[in-house]
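The values are calculated or read from the model by the stated rules, or taken from the named source; none is laboratory data. These figures come from a predicted structure and were not determined experimentally. Ideal geometry is used to build each Cβ from the backbone, glycine not excepted, and the neighbour counts take in all protein chains shown.
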Amino acid sequence: MPFKLHLSPKNVLTAAILFLSVFFVLGQKKVSEKPNVILILTDDQGWADVNCYGAKDLHTPNMDKLAREGVRFTQFYAAASVCSPSRASMLTGLNPHAAGLPGNASSTKGEEGMPSNRFTLAEMMKQAGYATGHVGKWHLGYTPETMPNGQGFDYSYGHMGGCIDNYSHFFYWHGPNRHDLWENGTEIWADGKYFPDLMATQAETFIDQHKKTPFFLYYAINLPHYPLQPDEKWRNYYNGLESPRKEYAAFVSTIDERIGKLLKKLEDLGLRENTIIIFQSDHGYSKEERTFGGGGSAGPFRGAKFSLFEGGIRVPAIISWKGHLPENTSRNQMALNIDWFPTIAELCGITAPVNLEGRSLVPILKNNTRPSEHQTFIWQNNGSWAVRKDNWKLIGDPWDSSDKAPLDPEKDKLFLANMAMDSTEMTNLATQYPEKVVELRAEYTNWPYSKSEQ
């Protein structure tokens with residue numbers, strides 16, 4: 001005889017409520033299981049200025065911890081060798097010219113930067129149900145439409161221009177009287193308070209406020225960009241080093257300590273294994289007068305900030321998602337900061353825009369034998385340009401801002417190197433491989449954003 005279940009109206013109602021409650025809880029669990037994303041960007045940090053990238057004189061245990069708990073890239077490039085275009089490319093998944101900001105944005109209030117009609121990583125995450133936050137440096141526009149709240153960020157705290165004094169929060173370049181500290185588009189004042197600590201507090205507060213919902217935090221640390229104003233404890237720690245390395249090193253460890261605080265916050269809240277953490281520098285280290293003429297290191301590579309030699313565009317980059325991505329490993333495939341946009345989308349189960357130049361790094365992260373997702377990439381900075389195609393790289397009108405070796409204005413006008421043969425770019429191979437010069441030069445001249453040949 002078939003079994004029949006008899007329920008009274010009251011029991012039917014109770015069962016329905018129970019079913020809906022279970023469905024709601026499961027639904028909530030599904031939402032909460034979306035990974036959080038924290039994108040940490042440092043400013044003017046050299047390729048070799050982390051222990052895990054070869055530094056022997058620095059104390060960077062927290063950056064190294066990220067590498068142990070994730071994947072470290074050895075041929076990772078910024079799409080530009082200066083601040084604003086590098087950031088614009090990262091947040092749009094496009095080359096700086098397509099992103100609408102091929103050079104540095106103005107640090108003057110009322111001046112536009114990256115066009116507001118560009119679709120940003122923050123806008124994608126916001127549409128996918130994420131709380132979106134920006135903490136730190138912006139340098140992508142100084143109008144309401146081009147400041148963070150106009151570009152997809154629910155919350156923003158930091159400075160809009162290129163650099164500030166870390167205690168007065170005034171613009172550290174031209175002036176006078178250009179105060180630059182903002183929260184959600186409103187000017188605020190925190191006279192005398194150390195900006196690295198203000199950033200750390202705001203980043204942790206944002207995480208606290210959104211610990212029960214998925215969040216995306218763009219933590220744009222303004223160090224070790226000048227002015228070099230490290231913690232006293234780190235100045236004392238590096239007192240035995242020569243200047244300017246000791247000032248720069250102290251600032252790097254100031255960054256590392258704040259990253260450690262962030263990692264501890266995630267661990268204390270039980271969020272570490274549900275949070276994707278990405279770390280990179282925006283481009284190479286600076287040798288400007290304001291940074292004591294140097295202090296950073298690109299290791300064996302030639303070039304620094306502003307240059308399209310490796311030292312200006314090859315940067316440290318790490319991605320860590322404990323329990324989901326490989327750990328304590330590296331990838332040597334060529335990758336770019338424009339790749340974070342589609343990578344984050346894939347890891348978070350979001351459909352990325354179809355017009356991105358960036359390519360998801362997930363296949364490479366999962367399979368170390370897979371070739372690079374990029375065959376060719378082109379850079380252009382003022383009068384200089386560079387084409388990387390497979391292992392070959394051609395630079396037109398090169399500038400070595402690191403002054404590692406002299407350049408002949410005629411013989412080195414086109415500088416050819418092979419990353420597999422000699423990634424230090426100390427020898428120009430142009431006369432040995434003229435066919436490669438022709439091939440790569442054609443790549444540049446056929447590029448929609450190329451300047452007319454000089």
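Given the criteria touching a strand residue (DSSP E or B) at 6+ places or on another chain (Cβ under 6 Å) and in contact (Cβ under 8 Å) with a residue 12 or more places away in the chain, does residue 130 qualify?
Yes.
Every residue in region 174-192 that is part of a loop (DSSP other than H, G, I, E, B) and either exposed (fewer than 15 other Cβ atoms within 10 Å of the Cβ) or outside the structural domain of residue 147 (by TED's automatic domain parsing) (or both), please.
Residues satisfying the conditions are 174, 175, 176, 177, 184, 185, 188, 189, 190, 191, 192.
If you scan region 119-155, which residues turn out to be within 25 Å of residue 196 (Cα to Cα) and among the polar types (S, T, N, Q)?
132, 143, 146, 149, 151, listed by residue number.
Can you pull out every residue in region 390-429 that is without any contact (Cβ under 8 Å) to a residue 24 or more places away in the chain and farther than 21 Å from residue 47 by Cβ?
406, 408, 409, 410, 411, 412, 413, 428, 429
Residue-wise test of (1) β-branched (Val, Ile, Thr); (2) under 23 Å from the mean Cα position of the chain (by Cα); (3) in the same structural domain as residue 316 (by TED's automatic domain parsing).
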site: 154; (1), (2), (3): no, yes, yes
site: 164; (1), (2), (3): yes, yes, yes
site: 199; (1), (2), (3): no, yes, yes
site: 238; (1), (2), (3): no, no, yes
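Would you please list the contacts, defined by Cβ atoms under 6 Å and residues six or more apart or on different chains, that run from a residue in region 248-267 that is closer than 13 Å to residue 205 by Cα and assigned by TED's automatic domain parsing to the domain that holds residue 202 to a residue that is modelled with pLDDT of 95 or more and not in a helix (DSSP H, G or I)?
Close Cβ pairs (under 6 Å, with a partner that is modelled with pLDDT of 95 or more and not in a helix (DSSP H, G or I)) amount to 266/275.
Residue under question is residue 110, and the condition is that it be in the same structural domain as residue 283 (by TED's automatic domain parsing) and buried (at least 22 other Cβ atoms within 10 Å of the Cβ); does it hold?
Here the answer is no, as residue 110 does not meet what is asked.
When you go through 183, 204, 187, 145 one by one, which is the residue that is over 22 Å from residue 291 (Cβ atoms), among the charged types (D, E, K, R) and without any contact (Cβ under 8 Å) to a residue 24 or more places away in the chain?
187
Please verify whether residue 286 is touching a strand residue (DSSP E or B) at 6+ places or on another chain (Cβ under 9 Å) and among the hydroxyl-bearing types (Ser, Thr, Tyr), treating the condition exactly as stated.
No, not satisfied.
Given the criteria in a loop (DSSP other than H, G, I, E, B) and either of a type in the set (A, V, I, L, M) or more than 26 Å from residue 102 (Cα to Cα) (or both), does residue 394 qualify?
For residue 394, the condition - in a loop (DSSP other than H, G, I, E, B) and either of a type in the set (A, V, I, L, M) or more than 26 Å from residue 102 (Cα to Cα) (or both) - is not met.
Regarding residue 401, is this residue in a loop (DSSP other than H, G, I, E, B), out of contact with any Phe, Trp or Tyr (no Cβ under 6 Å at 6 or more places or on another chain) and surrounded by 12 or more Cβ atoms within 10 Å (Cβ to Cβ)?
Considered against the rule, which asks whether it is in a loop (DSSP other than H, G, I, E, B), out of contact with any Phe, Trp or Tyr (no Cβ under 6 Å at 6 or more places or on another chain) and surrounded by 12 or more Cβ atoms within 10 Å (Cβ to Cβ), residue 401 comes out as no.
Just wondering, is there one or more residues in region 268-281 that are in a loop (DSSP other than H, G, I, E, B), surrounded by fewer than 23 Cβ atoms within 10 Å (Cβ to Cβ) and either touching a helix residue (DSSP H, G or I) at 6+ places or on another chain (Cβ under 6 Å) or not small (Gly, Ala, Ser) (or both)?
yes
Give the residues of region 213-223 that are more than 16 Å from residue 161 (Cβ to Cβ) and under 14 Å from the mean Cα position of the chain (by Cα), sorted by residue number.
216, 217, 218, 219
Condition first: in contact with a Phe, Trp or Tyr (Cβ under 9 Å, 6 or more places away or on another chain) and closer than 23 Å to residue 122 by Cα. Now tell me which residues in region 284-338 satisfy that.
Residues satisfying the conditions are 315, 316, 317, 318, 319, 320, 335, 336, 337, 338.
Give region 22-43 a look and list any residue that's among the hydrophobic types (A, V, I, L, M, F, W, C), modelled with pLDDT of 50 or more and out of contact with any Asp or Glu (no Cβ under 8 Å at 6 or more places or on another chain), or say none.
Across region 22-43, the qualifying residues are 37, 38, 39, 40.
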